[in-house]
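The values are calculated or read from the model by the stated rules, or taken from the named source; none is laboratory data. Every value quoted in this text rests on a predicted model; they were computed, and no experiment measured them. Positions of Cβ are generated from backbone atoms using ideal geometry, with glycine treated the same way; all protein chains shown enter the neighbour counts. Quick note on the areas: whole protein, heavy atoms, side chains included, nothing else; ligands and nucleic acids left out. Shrake-Rupley method; radii C 1.70, N 1.55, O 1.52, S 1.80 Å.
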Amino acid sequence: MTRMPDTDVVIPAWLLARERAQRRDRVIQGVAIGLSVLFLAAAAFLQTPLNAQRRDLQLIGHTDLGKIPPKYAWITAMAGSFRGLAIDLLWMRAEVLKEEGKYYEANQLADWICTLQPRFAAVWQFQAWNLSYNISVGTHTPEERWQWVYNGIRLLRDRGIPNNPYVVPLYKELSWIMFHKIGEMTDDMHWYYKREWASLMENLLGPPPASSEPEADIDAFRPIAEAPATWSAFLDAHPEMTAYLDAWNAAGVDFEATTSPDFYKHPLEGRFFERYSRLVRGTELALARYRAIVTVLTEEDTQFMAAHAAMPTDLTEALVAFLRAKVLREQYKMDPQFMLSLMTDLIPNQPGLLVPLDWRLAQPHAMYWSRYGVARGKEARNITAFDMLNTDRFTLFSLMSLCSMGQMVFEINRERPNESALNLLPDLRMVEPMHQMYLMLGPEHAREGEDVGETAGSILKSGHVNTLEQAIVLLWGRGQIARASRYLDYLRENYKHPDGSTKKHYLGGVEAFVLGQLGSMRDSFKPTSAMIHSFLGSALVSLSQGNTDAYARQMQRCEMLWRNYMKEQDDEREGRMWLPPLDAMRADALAQFMTGTPSLLARVAVWEAIDVPVRQQVYDLPEFVPYLKAQCEAEGYDFAKAFPEPPGMDEYRKAHPRRERPEEDYHKRYEVETP
């Protein structure tokens, strides 16, 4: 007890102790509050440098959590292992849905899983693979399979890579799906995928120039790469455009329309480019007249044509280039300037080496994502040499594939793209870029201490040798003996046995080497198709020189190759590995010759000598007649006399409103044979 001074009040000791404790607690609370304020101020002060450090370490991503339904949104609030366990349960549920064939539900669940783990790159890789490969093959129609293949591409392109811009394996995965699933021949529905992709790209970018000169392709694409980046910048560069905006708005075109990752196409692809391709391009309307296709014009179509007709040609060209660049950036996530650099500066130490890429093919897109991924990887931290090598390989694979099937003959059917006529021819312009790319990447991926010399090094050696050997055969078949001999000399000098001796099959001349290679190539689609087209091209050269005996021998060789290959495909009824009919291959080779041979006189000679049915198939191809007319005008020829319309064209057009696809030809054959 304690007695208070001058009073009789006695204060219990326990009360004094409590008072002292409360006083001490208030001091502690005051200090804690003060420290909290200090620490919060320090945290606020440090937040800016911490964010900068996160950006420097490339730990910044973005995602849209608002798309997750409430029953899954709670997972985002869970911490540590509980959140991981919940996500594991979602993974298990997604697999069960896939096994049950509930693909749309499985896809939606996979979308949520990716949203919940936006910085976990393996999630995006797995789910994209799952969509493009596992789920797609579980469906039964070409339309369904294409939808799932493209969903996998879009998942990586539109969401995975934007969330993880420095993760090189994501670029590699996207390159692989583009190259292997669309560009190659392994999927039963690969022709369908090729037609769908080519239709998308031709609708947006238009067909490439008819000329085979690389400069023509690059000059056609350059305005897209150099177009202003924004609509306001375009209007600043072309203020006269404002006078025409009301007319375009009346036609239902919004030049400022944007897209979303949920959109299959950009709004401008439907509202502008589909109508521009169908209504404006002269060759399209001419083809429609030839093939008796009825075009029904809506009121907006009529207004579209009027708005286009009112604009000066140079302004229209600038507008189309700007809109193409806009759609490439917004919908396809592609940089037009980087696309152009692949065509002009793919090999930095070879500034004059041009690479005319046809963006309707899947291989240039695979190459784009490969090179773009490597470029981002060089800016990244903690990237492995293995990831860079695997991503670089798809540039090489794409160039290798373009050598044997890099020129597309495509007659688009806009109402039903999967019924478009399509054939793939070798593009021997790609041989030198492929060769130089191997030589450029060889030192970059050499083993430690390895001196690669003038080769691609031990890691890339096999692909380099195999592709050059195939190229030699194609060049020889096309009659380009000097080029073929140069590459054979290179192989002879640079790829010897370990003891330094020359490999036996390189010892003879180029003809002996080619004949030795032909036996091993005839069972595979790509080399057989490429070889037949090379022989057809060489045969046309002989015909242009008046050497009909050589022409006949080469045609017999083509027919032998075609029959031997097709005999091996008798039990393959889906058309996946069928060659087009030989007459169709002859027509495609003629079209390539007529637009790729420098001598106009040689083309006149071939046109006069070739049989009528082949000429009939070629004459109505888009750009064919306008291109030859321009060539005749430039050199003072009378087009009507030099390249007269083949006889019987009216009957031919009625009987063939469109070119048949290879699958149709052989399905008809089997329908006749099957009781």
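Restricting segment 275-296 to residues that are among the aliphatic types (A, V, I, L, M) and loosely packed, with under 12 Cβ neighbours inside 10 Å leaves a set whose member that is modelled with the lowest pLDDT is Ala292.
Only residues that are of a type outside the set (Val, Ile, Thr) and within 30 Å of the chain's Cα centre (by Cα) were counted across segment 521-563, and they come to 16. Scanning segment 388-418 for residues that are in a helix (DSSP H, G or I), open to solvent by less than 40 Å² (accessible area, probe 1.4 Å) and closer than 26 Å to Ser529 by Cα turns up Phe394, Thr395, Leu396, Ser398, Leu399, Ser401, Leu402, Cys403, Ser404, Met405, Pro417, Asn418. A single entry from Arg653, Arg603, Arg615, Arg669 fulfils the requirement of being assigned to a helix (DSSP H, G or I) and at pLDDT 90 or above: Arg615. Has segment 424-433 got any residue that is touching a strand residue (DSSP E or B) at 6+ places or on another chain (Cβ under 6 Å) and part of a loop (DSSP other than H, G, I, E, B)? For segment 424-433, residues touching a strand residue (DSSP E or B) at 6+ places or on another chain (Cβ under 6 Å) and part of a loop (DSSP other than H, G, I, E, B): present.
Restricting attention to segment 422-452, the residues being open to solvent by less than 50 Å² (accessible area, probe 1.4 Å) and at positive phi number 0.
If we scan segment 438-446, do we find a residue that is in contact (Cβ under 8 Å) with a residue 60 or more places away in the chain and within 29 Å of the chain's Cα centre (by Cα)? Yes, segment 438-446 contains at least one residue that is in contact (Cβ under 8 Å) with a residue 60 or more places away in the chain and within 29 Å of the chain's Cα centre (by Cα). Taking into account only those residues within segment 332-348 that are open to solvent by 40 Å² or more (accessible area, probe 1.4 Å) and assigned to a loop (DSSP other than H, G, I, E, B), which is farthest from Lys265 (Cα to Cα)? The qualifying residue farthest from Lys265 (Cα to Cα) is Pro348. Checked against (1) open to solvent by 10 Å² or more (accessible area, probe 1.4 Å); (2) touching an Asp or Glu at 6+ places or on another chain (Cβ under 7 Å); (3) closer than 21 Å to Ile459 by Cβ; (4) among the hydrophobic types (A, V, I, L, M, F, W, C), Ala385 meets all criteria but (2). Within segment 98-121, which residues are surrounded by fewer than 18 Cβ atoms within 10 Å (Cβ to Cβ) and farther than 13 Å from Gly160 by Cα? Hits for segment 98-121 are Glu99, Glu100, Gly101, Lys102, Tyr104, Glu105, Gln108. Answer yes or no: is there a residue in segment 237-251 that is at pLDDT 90 or above and either under 30 Å from Gly152 (Cα atoms) or touching a Ser or Thr at 6+ places or on another chain (Cβ under 9 Å) (or both). Yes, there is a match, as at least one residue in segment 237-251 is at pLDDT 90 or above and either under 30 Å from Gly152 (Cα atoms) or touching a Ser or Thr at 6+ places or on another chain (Cβ under 9 Å) (or both).
For segment 477-491, a residue qualifies if it is in contact with a helix residue (DSSP H, G or I) (Cβ under 8 Å, 6 or more places away or on another chain) and open to solvent by 30 Å² or more (accessible area, probe 1.4 Å), and the qualifying residues are Arg478, Gly479, Gln480, Ile481, Arg483, Ser485, Tyr490.
So which residues in segment 619-629 are open to solvent by 50 Å² or more (accessible area, probe 1.4 Å) and modelled with pLDDT under 80? Within segment 619-629, Glu623 is the sole residue that qualifies.
Considering segment 161-183 alone, what residues qualify as being under 12 Å from the mean Cα position of the chain (by Cα) and either of a type outside the set (Ser, Thr, Tyr) or closer than 22 Å to Ala591 by Cβ (or both)? Of everything in segment 161-183, those that are under 12 Å from the mean Cα position of the chain (by Cα) and either of a type outside the set (Ser, Thr, Tyr) or closer than 22 Å to Ala591 by Cβ (or both) turn out to be Leu174, Trp176, Ile177, Met178, Phe179, His180, Lys181, Ile182, Gly183.
For segment 630-639, the set of residues classified as open to solvent by 70 Å² or more (accessible area, probe 1.4 Å) and part of a helix (DSSP H, G or I) consists of Glu633, Ala634, Glu635, listed by residue number. Within segment 349-370, being part of a helix (DSSP H, G or I) and either in contact with a Lys or Arg (Cβ under 9 Å, 6 or more places away or on another chain) or open to solvent by 20 Å² or more (accessible area, probe 1.4 Å) (or both) holds for Ala362, Trp369, Ser370. The residue that is modelled with the lowest pLDDT, among those in segment 165-186 that are hydroxyl-bearing (Ser, Thr, Tyr) and in a loop (DSSP other than H, G, I, E, B), is Thr186. Scanning segment 304-331 for residues that are farther than 22 Å from Ala220 by Cβ and surrounded by 18 or more Cβ atoms within 10 Å (Cβ to Cβ) turns up Phe304, Ala307.
A quick yes/no check of all residues on (1) under 19 Å from Arg483 (Cα atoms); (2) in a helix (DSSP H, G or I); (3) at pLDDT below 85; (4) in contact with a His (Cβ under 8 Å, 6 or more places away or on another chain):
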{"site": "Leu536", "(1), (2), (3), (4)": "yes, yes, no, no"}
{"site": "Gly546", "(1), (2), (3), (4)": "no, no, yes, no"}
{"site": "Glu559", "(1), (2), (3), (4)": "no, yes, no, no"}
{"site": "Lys567", "(1), (2), (3), (4)": "no, yes, yes, no"}
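Apart from one condition, Tyr133 fits all of (1) in contact (Cβ under 8 Å) with a residue 60 or more places away in the chain; (2) open to solvent by less than 30 Å² (accessible area, probe 1.4 Å); the exception is (1). For Thr139, indicate whether it is of a type in the set (S, T, N, Q), open to solvent by less than 20 Å² (accessible area, probe 1.4 Å) and touching an Asp or Glu at 6+ places or on another chain (Cβ under 8 Å). When the stated conditions are applied, Thr139 does not pass them.
Among the residues making up segment 412-425, those that are over 12 Å from Asn203 (Cα atoms) and in contact (Cβ under 8 Å) with a residue 12 or more places away in the chain are Asn418, Glu419, Ser420, Ala421, Leu422, Asn423, Leu424, Leu425. In segment 80-93, the count of residues that are within 25 Å of Gln331 (Cα to Cα) and surrounded by fewer than 18 Cβ atoms within 10 Å (Cβ to Cβ) is zero.
If you go through segment 258-269 and keep only what is in a helix (DSSP H, G or I) and either open to solvent by 70 Å² or more (accessible area, probe 1.4 Å) or closer than 14 Å to Gly206 by Cβ (or both), you end up with just Glu269. Buried (at least 17 other Cβ atoms within 10 Å of the Cβ), farther than 14 Å from Ala307 by Cβ and not small (Gly, Ala, Ser): which single residue out of Phe221, Phe272, Phe255 fits that description? Being buried (at least 17 other Cβ atoms within 10 Å of the Cβ), farther than 14 Å from Ala307 by Cβ and not small (Gly, Ala, Ser) holds for just one of Phe221, Phe272, Phe255, which is Phe221.
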